[in-house]
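Input: a single structure, listed below in structure tokens.
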Amino acid sequence: MRNPKKRYETSLGIAFDEAGDLQRLGDWAAEGWRLTGFRGLKYVLEPAPAEQVVFAVDYLYEPDAEYFELCRASGWEHVISMDGLIHLFKAVPGTPAMFSTAEMHTKYRRAQRQLFAPAVGSLVTLVAVWLAIIVWGIPWRNQLEPEWVALIGTYGLLAIVIAAQTWCIFTVLPWLAYRLREWRGVGQVVVSVSPIALALVTVLLFLWLVP
């Protein structure tokens, strides 16, 4: 049963449209909804007194207490963190920006470094999965009988590809987004349609490989 005291809103992908998500969080706060957590790709909001605030985000792996204290002293209150890397802050309108333009570029470079190893690992895994399916998986599937067993085998191979691809979506694409944002400038929407495009390409390739 849905909890009437909670609200779940889908994230646009803070790596892809940072400014858009931060604006939405501010709008929800003004409507009386406080960010309390994450549930998959959704923000978890709970009723709270309405407040006029602006949001900012930083990317730093497991910072110490001094980091949050410095942010608070600058007028930015820590709201919540996700995966020990993504940290959301809020402040009253008019508070000096959390980052200068130069610091924003540093922030994105830091996010890139944090995601580089997982991105490389997931990309190598996805390529290895595709090679294994082409070399061994497809011939194995074509030998299965009767047809309903072959169909189950096809879905099994597809599930493996989707699992590897999902890991890529959450590592390679955010890394690419931060890389492009550093080049294109703060506030730009980047590669926001890439997850959908990647999913469509995967399905088309799979339908072509598996008769």
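The values are calculated or read from the model by the stated rules, or taken from the named source; none is laboratory data. Owing to the predicted nature of the structure, the values given are computational and were not obtained by experimental measurement. FYI the Cβ positions are ideal-geometry reconstructions off the backbone, even for glycines, and counts take in every protein chain you see. Protein only, heavy atoms only, side chains kept; ligands, DNA and RNA dropped before computing areas. Shrake-Rupley method; radii C 1.70, N 1.55, O 1.52, S 1.80 Å.
Is the C-alpha gyration tensor of region 1-119 telling us rounded, prolate or oblate? Criteria: a/c under 1.5 is rounded; beyond that, a/b larger than b/c is prolate, otherwise oblate.
oblate
Probe radius 1.4 Å, ligands and nucleic acids left out: which of Lys107, Lys90 has the largest accessible area, and how do the rest follow?
Details: Lys107 0, Lys90 30 Å².
Listed by decreasing accessible area, they come as Lys90, Lys107.
Would you mind calculating the gained length between Ala117 and Leu158 on full extension (0.36 nm times residue separation, minus the Cα-Cα distance), in nm to one decimal? List each step's numbers first, then the result.
Values: separation 41, 0.36 × 41 = 14.76 nm, distance 2.54 nm.
Here the segment from Ala117 to Leu158 would lengthen by 12.2 nm.
Ignoring ligands, DNA and RNA, what percent of the accessible area of region 1-108 is carbon or sulfur (1.4 Å)? Mind dumping the intermediate values first?
Numbers: 3270 of 5940 Å².
Whole-percent figure for carbon plus sulfur exposure: 55.
What is the Cα coordinate range of region 9-69 on the first, second and third principal axes, sorted by size from largest, in whole angstrom?
Principal axes ranked by extent give 32, 26, 20 Å for the Cα atoms.
Could you calculate the FRET efficiency of Lys42 with Trp140 from 1/(1 + (r/R0)^6), where r is the beta carbon distance between them and R0 is 35 Å, rounded to 0.05?
Calculated value: 0.40.
At 1.4 Å probe size, with no ligands or nucleic acids counted, give the accessible surface of Tyr155 in Å², nearest ten.
140
Report, ordered by chain and residue number, the lysines lying within cross-link reach of Lys6, taken as a straight Cα distance under 29 Å and ignoring same-chain residues fewer than 8 apart.
The qualifying lysines are Lys42, Lys90.
Among the aspartates and glutamates, select those whose C-alpha is under 12 Å from the C-alpha of Lys5, and discard any that sit fewer than 8 residues away in the same chain.
Glu46
Hey, for a label at Phe99 modelled as a point 7 Å past Cα toward Cβ, could you say which residues of region 44-77 have their backbone N under 14 Å away?
55-61
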